[in-house]
1. Cβ-Cβ under 6 Å, sequence separation 6+ or interchain: first residue in region 71-93 and farther than 26 Å from Asp57 by Cβ and touching a residue at least 40 places away in the same chain (Cβ under 8 Å), partner surrounded by 12 or more Cβ atoms within 10 Å (Cβ to Cβ) and not small (Gly, Ala, Ser). Which pairs?
2. Take the residues in region 54-70 that are closer than 15 Å to Gly33 by Cα and among the β-branched types (Val, Ile, Thr), then tell me which one is surrounded by the fewest Cβ atoms within 10 Å (Cβ to Cβ).
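Values in this text are rule-based calculations from the coordinates and carry no lab data. Not measured: the values here are computed from a predicted model. We place every Cβ from the backbone using ideal geometry, glycine too, and count neighbours over all the protein chains shown.
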Amino acid sequence: MRRLVSSAFLSILILALLCPRACSVETVRVPAGGYRYGYFTDLDEGDTIKVWFRVIDGPDITVFICDAENFARYARGERALVYELHEDYIEGSISFSVPYGGDLVCSL
């Protein structure tokens, strides 16, 4: 299900442990009905993706982690399977152990 989000400011810390090149700290604006995502490539089984987020202004959000194929489905408005799902959050953190090597997407 696609989550409609009114304009919100978010503080986000996304990092993949054991993959220091994937570290990102930024404040982003997500428009109504939109989403932002981080794309992690060349992950190994057992790597950890850590995400910290806080809504500075706006309603709660949904954050999820999935593979690239399912993210493409989500982006097209289709049903998608996710590995990790956090709905109706204002602030939170996720620590996700990568189940297999490859690429993953963290979306909010």
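1. As it stands, the answer is Gly77/Arg2, since those pairs meet every condition given.
2. Checked region 54-70; the qualifying residue surrounded by the fewest Cβ atoms within 10 Å (Cβ to Cβ) is Thr62.
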